[in-house]
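Q: Before anything else, here's the structure in question.
The values are calculated or read from the model by the stated rules, or taken from the named source; none is laboratory data. Because the structure is a prediction, the values reported are computed rather than measured. All Cβ positions, glycine included, derive from the backbone under ideal geometry; neighbour counts span all protein chains shown.
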Amino acid sequence: MPGIEFLLGALTPFNILLAVGGVIAGTIIGALPGLTATMAIAVLVPFTFGIPPSSALIALGAIYTGAIYGGAYSAVLLNTPGTPSAIATTFDGYPMAKKGDGDLAITLACLASVIGGLVGAAFLLLLAPPMAQVALKFGPVEYFWLAVFGLTLIASLSESSVLRGLVGACVGLLLGTVGVAEVGGDIRYVGNFQALLGGFDVVSALIGLYCVPVLIDLVATPDPHLKLTHQVAGFRLGEALRIAWASKVNLARSSLIGTVVGILPGAGGSIASLVAYSEAKRVAKHPERFGKGEPDGVLATESSNNATVGGGFIPTLVLGIPGTPPDAVILGALMVQGIRTGPQLFGEQSEIVYTFIYGLFIATILMLPIGLVIGRYAFKSIVSIPKALLVPSVAFLTIVGSFAVQNNAHDVQQMVALGIFGWLASRAGFTASPIVLGLILGTIAESGFVRGYLIGNARGEPVSEFFTRPISIGIIVFILIGLMYPVITARRRAKGSTNE
Amino acid sequence: MKSIAKTFAGAIALTAATIGIAAAAYPEKTINYIIAFGPGGESDVSARLQEPFFKKYTGQSVAIQYKAGAGGAAAWSQINSVPGDGYTIIGTNLPHIVLQPLQKDVGYKTAEIANVYWFHYTPDAIMVPADSPYKTLKDLIAAAKKAPGTVTFTGSGTNTANHLAQRRFDKLAGMTTTYIPSKGTGESNTALLGKHVSAAFSYSTVGVQLGSQVRCLAVAMDKRHPALPDCPTFKEMGYDLVSGAYRGLAVPNTTPKALQKQVSDLIGKINKDPAFVKSMEDKGFAMVDIGLDQMDAFMAKEQKQTEAIAREMGIMKK
């Protein structure tokens, strides 16, 4: 193992203290709807300026990994992803909580996050410099196709009605066009609202579309939020471990997907967990159970999104290109510290980088006990807290969370407007996920398409640019498989029934 | 004799202290330092580098806050609604604060922003991957002239300093290149290192950060940057291009002139601190000192220059 001599350096009491504190702070911030991993790191960065670079990195890595895990709490218990990475966790986590298995879902999320985090960190330790080249192979065209791939997944994820899912995704795509265009600078659909110049913010959309409808429904119905079907005693760890062991292939695959997508700058945890979820569903024996409280769904999303942490650090440290939004903040903090990222970081300054990587391992392992304890506490308080207290406190958090995105009241206005829209849409049977995914993927697809076209056009061959690059062809094949898959399974099923 | 000298020195010290107290009426408490962008960018990094020197020279700290959105316009359009008591300062950027109001109604006008100091800029610089066939700027220009439009430049976004520089340089060199805007320097670095484009019109800071992975062909400064000694200036090669993204500080426009001067002087003092200058230059920033007294002339020139390019690019508000 490279740099094993630095393991001891990572194991100092001070570093362990930072790792524990970072994981706790990250988990709590990530659990609050609207407070994302990026924000958690941005708030806590100034405290790391006074400490040595490797310790600062350990603290930031611990916050980051904790926040990504913490996002699962509100996804499971409130149907509101705490961070964009946890969107797909709502698909099965919340139905599990509705069935009374919220504590099991959280323990599963904790196990999956630790495993995913360890896989991501292992790739960072062993294969960082070669893996970083993957990031560079992805040009605008590849991002375009990746986003299109993500959009095709929406269709296969739409539970009740494919048509409603597609309509929702189109609404999301349209929302994504609002504001100043990234390429060209045109102003689109802003009207006279300056609040819309910057476009719709993803975090505001998350809070509005997911959380506000839950709150309105809580007020409108007399039932308690989550029913408690059993005595909350242990962590249900044994049960969770058995489920996780039975799904070891799913965990490995999802962690791998998370690591690779994490390496791609600009993709991040939301796409990683979406891809991992749909892959888990596609190969599952009982795909029809997904979306109704299938533990495998939670395992897939939570292992993949934590694997993006280690994956994202690969281009950040090797190339100086942030793999995920939180990495951009960490990169800025490193610049202030005077650390120059790049291939030489793994050579000349290997002490910093390997001490950090082992620190990330330690923080991830520490997340198991810390996550279980905080998770149980979060579950207990959400189930036992009276509705009259729960609703106003969560409502307060939605305002704080959406304001905190950019310290801007515009985002709060957007959140409330989208929330009311989301509630009306949910009454008509539309779910929030296709809309939010359309918003996220639409902007990626658009900028990839326009830039890919411009580059192709400069070469005089704008069309072949999209269809001749090897990685593009690979993604196109996946898109075709994804689109054909329902047809194939339907035919196979039909054949199976005639044979019998 | 010795005691006389001592008394004399003491008297000087006392006078200095009294003057010091009079001037130190500002600041008496923490100053809010608003960044119009998210954390981690150049505006944030340079503010973080200034932070300890506020403490050193005033004994007071600054609280750095982020108010991002609409390319900075979200924060700039609100700065004048804050009390002008010297305890709120905001980072401003060029060409942003000139260009944005020219393009559209963004909620503020350039003249309404009370800039007190421009303290540094990140010069535009042309970079190619280390193994690029373009060894010098001449190679690149020759290729662009041979097949107009085929040389592609990425840069930090649409209508940013990089974009304006690319347009100006095309004109100066009499060539045609294609500009592919990226979302920020992170994405333009990917495009550059991944060789999705021929070259990048990026910033000197990027050249320092990416080190040996890239070759800097030219930097838009008067003299070479100390951290990039091998990178020639455009001027050396006969192109009059000195440009980049300037960063400065503004106060609410209700702030009394005398107080504006105090803020300006404080930033100026920090800007002269050798330790601060070194930490900035090591990262590829280039220092400038445009205080309050030179502000009007500087802004007038900047306005004229930016307006001319904006008109040429056809991005002026109708």
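Q: What number of residues in segment A:76-124 are on the phi > 0 side of the Ramachandran plot and not in a loop (DSSP other than H, G, I, E, B)?
A: Of the residues in that region, 0 qualify.
Q: Here's another thing I want to ask about it. Return the residues of segment B:165-190 that are touching a Leu at 6+ places or on another chain (Cβ under 9 Å), in a helix (DSSP H, G or I) and within 13 Å of another protein chain (Cβ to nearest Cβ); say none if nothing qualifies.
A: B:G186, B:N189, B:T190
Q: Would segment A:29-38 turn up any residue that is part of a helix (DSSP H, G or I), without any contact (Cβ under 8 Å) to a residue 40 or more places away in the chain and of a type outside the set (S, T, N, Q)?
A: no
Q: Residues of segment B:74-100 being within 10 Å of chain A (Cβ to nearest Cβ) and within 24 Å of A:V43 (Cβ to Cβ), which ones?
A: If the condition is that a residue be within 10 Å of chain A (Cβ to nearest Cβ) and within 24 Å of A:V43 (Cβ to Cβ), then B:A74, B:A75, B:Q78 are the ones that fit.
Q: Now for a different question. Among (1) modelled with pLDDT of 95 or more; (2) more than 26 Å from A:T324 (Cβ to Cβ); (3) within 11 Å of chain A (Cβ to nearest Cβ), where does B:G149 come up short?
A: (1)
Q: Looking at segment A:320-360, which of the residues that are facing another protein chain (nearest Cβ under 9 Å) and aliphatic (A, V, I, L, M) is farthest from the chain's Cα centre (by Cα)?
A: If we take residues in segment A:320-360 being facing another protein chain (nearest Cβ under 9 Å) and aliphatic (A, V, I, L, M), then A:V336 is farthest from the chain's Cα centre (by Cα).
Q: Restricting to segment A:39-51, name every residue that is touching a residue at least 24 places away in the same chain (Cβ under 8 Å) and either within 25 Å of A:V203 (Cα to Cα) or crowded, with 17+ Cβ neighbours inside 10 Å (or both).
A: A:M39, A:A40, A:I41, A:A42, A:V45, A:T48 - these are the residues of segment A:39-51 that are touching a residue at least 24 places away in the same chain (Cβ under 8 Å) and either within 25 Å of A:V203 (Cα to Cα) or crowded, with 17+ Cβ neighbours inside 10 Å (or both).
Q: Only one of these conditions is not met by B:V106: (1) within 14 Å of chain A (Cβ to nearest Cβ); (2) at pLDDT 95 or above. Which number is it?
A: If we test B:V106 against (1) within 14 Å of chain A (Cβ to nearest Cβ); (2) at pLDDT 95 or above, just (2) comes out false.
Q: Another question, then. Return yes or no: is A:G198 in contact with a strand residue (DSSP E or B) (Cβ under 6 Å, 6 or more places away or on another chain) and farther than 22 Å from A:I321 by Cβ?
A: Judged against the criteria, A:G198 is a match.
Q: Oh, and also: Can you find even one residue in segment A:52-63 that is within 15 Å of A:L32 (Cβ to Cβ) and surrounded by 24 or more Cβ atoms within 10 Å (Cβ to Cβ)?
A: Within segment A:52-63, one or more residues are within 15 Å of A:L32 (Cβ to Cβ) and surrounded by 24 or more Cβ atoms within 10 Å (Cβ to Cβ).
Q: Further, regarding this structure: So which of A:Q406, A:Q414 is within 12 Å of chain B (Cβ to nearest Cβ) and either in a helix (DSSP H, G or I) or within 18 Å of A:T80 (Cα to Cα) (or both)?
A: A:Q414 is the lone residue from the list that is within 12 Å of chain B (Cβ to nearest Cβ) and either in a helix (DSSP H, G or I) or within 18 Å of A:T80 (Cα to Cα) (or both).
Q: Which condition number in (1) at pLDDT 90 or above; (2) out of contact with any helix residue (DSSP H, G or I) (no Cβ under 8 Å at 6 or more places or on another chain) is the one that B:A286 fails?
A: (2)
Q: Is it the case that A:V190 is among the β-branched types (V, I, T), within 30 Å of B:K317 (Cα to Cα) and surrounded by fewer than 20 Cβ atoms within 10 Å (Cβ to Cβ)?
A: So A:V190 passes the test.
Q: Further question on the same structure: Say we look at segment B:293-318 and pick out the residues that are touching a strand residue (DSSP E or B) at 6+ places or on another chain (Cβ under 9 Å) and either modelled with pLDDT under 95 or among the charged types (D, E, K, R) (or both); which of these is nearest to A:G184 (Cα to Cα)?
A: Checking each candidate, the answer is B:T306.
Q: Which residues, taken from segment A:116-137, are within 14 Å of chain B (Cβ to nearest Cβ) and surrounded by 24 or more Cβ atoms within 10 Å (Cβ to Cβ)?
A: A:A135
Q: Taking the conditions exactly as written (farther than 19 Å from B:G71 by Cβ, in contact (Cβ under 8 Å) with a residue 12 or more places away in the chain, within 14 Å of another protein chain (Cβ to nearest Cβ) and out of contact with any strand residue (DSSP E or B) (no Cβ under 6 Å at 6 or more places or on another chain)), does B:N159 satisfy them or not?
A: Spelling it out, it is not the case that B:N159 is farther than 19 Å from B:G71 by Cβ, in contact (Cβ under 8 Å) with a residue 12 or more places away in the chain, within 14 Å of another protein chain (Cβ to nearest Cβ) and out of contact with any strand residue (DSSP E or B) (no Cβ under 6 Å at 6 or more places or on another chain).
Q: Give me the residue from segment B:109-129 that is out of contact with any helix residue (DSSP H, G or I) (no Cβ under 6 Å at 6 or more places or on another chain) and of a type in the set (A, V, I, L, M) and, out of that set, nearest to the other protein chains (Cβ to nearest Cβ).
A: B:V128
Q: Could you list, in sequence order, the residues of segment B:167-183 that are in contact (Cβ under 8 Å) with a residue 40 or more places away in the chain and buried (at least 19 other Cβ atoms within 10 Å of the Cβ)?
A: Of everything in segment B:167-183, those that are in contact (Cβ under 8 Å) with a residue 40 or more places away in the chain and buried (at least 19 other Cβ atoms within 10 Å of the Cβ) turn out to be B:R168, B:F169, B:A173.
Q: While we're looking at this one, here's another question. Checking the condition among the β-branched types (V, I, T), more than 30 Å from A:P140 (Cα to Cα) and buried (at least 21 other Cβ atoms within 10 Å of the Cβ), which residue from A:T398, A:T443 passes?
A: From the options A:T398, A:T443, the qualifying one is A:T398.
Q: Go through (1) farther than 22 Å from A:P130 by Cβ; (2) away from chain B (no Cβ under 14 Å); (3) touching a residue at least 60 places away in the same chain (Cβ under 8 Å) and name the single condition A:A284 misses.
A: (3)
Q: Another question about this same structure. Looking for something crowded, with 24+ Cβ neighbours inside 10 Å, more than 26 Å from A:F361 (Cβ to Cβ) and charged (D, E, K, R) - is there at least one such residue anywhere in segment A:102-112?
A: Checked against the condition, which is being crowded, with 24+ Cβ neighbours inside 10 Å, more than 26 Å from A:F361 (Cβ to Cβ) and charged (D, E, K, R), segment A:102-112 yields at least one hit.
Q: Can you say whether A:N457 is modelled with pLDDT under 90 and either within 14 Å of chain B (Cβ to nearest Cβ) or in contact with a His (Cβ under 8 Å, 6 or more places away or on another chain) (or both), as far as the supplied structure shows?
A: The answer is no for A:N457.
Q: What's the number of the condition A:A128 fails, among (1) in a helix (DSSP H, G or I); (2) out of contact with any His (no Cβ under 6 Å at 6 or more places or on another chain); (3) closer than 25 Å to A:G82 by Cα; (4) among the small types (G, A, S)?
A: (3)
Q: Now, a different point. Residue check, B:A47 against (1) without any contact (Cβ under 8 Å) to a residue 60 or more places away in the chain; (2) away from chain A (no Cβ under 12 Å); (3) touching a strand residue (DSSP E or B) at 6+ places or on another chain (Cβ under 6 Å), all met but one. Which one?
A: The number of the failed condition is (2).
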